[in-house]
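Everything on this sheet refers to the single structure shown next.
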Amino acid sequence: MPRATGTKRAILDAALELAATRGITGTTMDDVAELAHVAKGSLYYNFSSKDKLFEALLEEGVGSLSDSLRAARDGLHGREALVALIAVLLDLIESNAGLAKLMAAEIFRTDRAWQKTLFALRHEALAVFAEAIAEARPATAAAGTSGLMASSVFGAVLMAGLEWLVFDPDRDRDEVSGAILESLSGGLLA
């Protein structure tokens with residue numbers, strides 16, 4: 001998905017900044033217009049409603065995430081692919097903490113107008129993890145659990161990444177990735 005530019009970009013960036021600190025419910029269209037330095041008419045010209053604005057924001061962010069995950073996995077298999085996926089997801093969380101916070105807050109909300117879009121995009125991102133897991137452990141594909149395991153890995157990385165950025169930002173990304181991999185590889189319960 002192409003990244004928005006100009007006025008749309010300013011609006012999306014303002015909406016993300018506000019939602020990351022106030023939540024979507026606490027963000028008004030007036031606040032978005034003010035922070036984006038655009039007239040309300042321009043805001044509503046680009047996005048007919050708050051729901052459409054946040055749907056576009058999540059669609060762009062999660063779509064970009066899926067593209068990045070596919071690129072990171074390209075040519076890699078099994079454990080190598082999972083290591084690369086975890087690293088790129090942590091990099092994306094670090095470079096766009098606002099979107100990561102928004103995703104963490106919205107992923108399980110079922111009362112949002114954009115839930116159908118977010119579900120489809122989430123499924124697309126998780127499929128990249130599920131494919132790598134099924135390659136690393138073919139029995140998971142046969143048992144039908146690679147998708148559930150993908151959700152577990154994605155959720156662990158998302159939450160560990162946010163924990164890292166908020167409470168331990170001086171820690172090296174490779175250290176965070178190593179701790180996640182150790183937990184996932186059975187090191188925690190071995």
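The values are calculated or read from the model by the stated rules, or taken from the named source; none is laboratory data. These figures come from a predicted structure and were not determined experimentally. As a convention, Cβ positions derive from the backbone with ideal geometry for all residues, glycine included, and neighbour counts pool all protein chains shown.
Would you confirm, using the coordinates I've provided, whether residue 136 is farther than 20 Å from residue 65 by Cα, among the aliphatic types (A, V, I, L, M), surrounded by 12 or more Cβ atoms within 10 Å (Cβ to Cβ) and modelled with pLDDT of 85 or more? Yes, satisfied. Here residue 31 qualifies as at pLDDT 95 or above and surrounded by fewer than 20 Cβ atoms within 10 Å (Cβ to Cβ). Within the range 156-190, the only residue that satisfies the criterion of being β-branched (Val, Ile, Thr) and either more than 22 Å from residue 128 (Cβ to Cβ) or not in a helix (DSSP H, G or I) (or both) is 166. Please count how many residues of the range 112-155 are over 19 Å from the mean Cα position of the chain (by Cα) and not in a helix (DSSP H, G or I). Here the count works out to 3.
Per the listing 91, 111, 168, the residue uniquely in contact with a Lys or Arg (Cβ under 8 Å, 6 or more places away or on another chain) and closer than 29 Å to residue 23 by Cβ is 91.
Considering every residue within the range 120-127, establish whether at least one is of a type outside the set (Lys, Arg) and more than 30 Å from residue 27 (Cα to Cα). Yes, some residue in the range 120-127 is of a type outside the set (Lys, Arg) and more than 30 Å from residue 27 (Cα to Cα).
If you filter the range 93-117 down to residues that are surrounded by 20 or more Cβ atoms within 10 Å (Cβ to Cβ) and in contact with a helix residue (DSSP H, G or I) (Cβ under 6 Å, 6 or more places away or on another chain), you find that the one that is modelled with the lowest pLDDT is 114. Cβ-Cβ distances below 9 Å connect no pair with a first residue in the range 69-85 that is over 9 Å from residue 132 (Cβ atoms) and among the aromatic types (Phe, Trp, Tyr), a second residue that is modelled with pLDDT of 95 or more and surrounded by 14 or more Cβ atoms within 10 Å (Cβ to Cβ), and a separation of six or more residues or different chains.
Restricting the range 43-92 to residues that are buried (at least 17 other Cβ atoms within 10 Å of the Cβ) and aromatic (Phe, Trp, Tyr), the residue that is farthest from residue 8 (Cα to Cα) is 54.
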